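Right, one structure below, let's go through it.
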Amino acid sequence: MVIIIKKSLLTLSVITGFLGLSGVVANADSYTVKSGDTVANIADKFNDTVNGIAKRNNLSDADLIMVGQKLKVSNNDKASKTNMKTSTAIHNEHKDAIVADTASNSNNNSDTSTDATSSATITPAAFQSQGVVYQNGKKWTYYTGAAFADGTTNHGGYDADGYLIVAAPADVPFGTHVQTPLGEGVVHDRGTAIVGNHYDLVMP
């Protein structure tokens, strides 16, 4: 009888060890958003999911995070390959997520502008023809301007770092990166009609 108990305990410890190594048990963790982060790449980093992070942190818009924001993540460092494949698939579905505020880089404006517009979903000509574009639950219109609410100046439709200039509702802080129909933009302006889900961008 003693031998049977020992064998059972040994079996139980082996099973427990296996479950621990396979990443079945997730450890809750806290992550501080850094420059250039998106919810999708944070999910990849921790083998978590975009939906999981959004629900855990009560994010009404999983595409909007800020540098310095603390997020609860599920730290599955040793998760199975299946979980990693799922996370990668979710990441691919969120390629147009808003990127947290990034530091200035040393590239010249033309190189940076190319990067900023690489995620465009429509051409400037098509945008002008339509007048209004709906994307990711946001209504997009366009305008022209030379100077903006936060002091940014217009460099052919781009800011000094090569990002599209965006006017956003007052609850979206200046400096927030946002995916526009013409590529990646940064909030630099306000407008009396820019409320709710209405955003405006400077046409390059």
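The values are calculated or read from the model by the stated rules, or taken from the named source; none is laboratory data. All values reported here derive from a predicted model rather than from experimental measurement. Please note: Cβ atoms are built from the backbone with ideal geometry, for glycine as well, and neighbour counts cover all protein chains shown.
List the pairs whose first member sits in region 182-204 and is closer than 18 Å to ALA160 by Cβ, whose second member is surrounded by 24 or more Cβ atoms within 10 Å (Cβ to Cβ) and of a type in the set (Ser, Thr, Tyr), and whose Cβ atoms are under 8 Å apart, counting only residues at least 6 apart or on separate chains?
So the pair list comes out as GLU184/TYR163; GLY185/TYR163; VAL186/TYR163; LEU201/THR180.
Count, please, the residues in region 130-140 that happen to be at negative phi and in contact (Cβ under 8 Å) with a residue 60 or more places away in the chain. Break it down into steps so the answer makes sense when it comes.
The initial filter retains those residues of region 130-140 that are at negative phi, namely 130, 132-135, 138-140.
Filter once more, so that each one left must be in contact (Cβ under 8 Å) with a residue 60 or more places away in the chain: 138-140.
Counting residues in region 130-140 that are at negative phi and in contact (Cβ under 8 Å) with a residue 60 or more places away in the chain gives 3.
If the requirement is being loosely packed, with under 12 Cβ neighbours inside 10 Å, closer than 21 Å to MET66 by Cα, of a type in the set (Asp, Glu) and modelled with pLDDT of 90 or more, which of these qualifies: ASP200, ASP161, ASP171?
ASP171
Any chance you could count how many residues in region 141-173 are in contact (Cβ under 8 Å) with a residue 12 or more places away in the chain and not in a loop (DSSP other than H, G, I, E, B)?
Counting residues in region 141-173 that are in contact (Cβ under 8 Å) with a residue 12 or more places away in the chain and not in a loop (DSSP other than H, G, I, E, B) gives 9.
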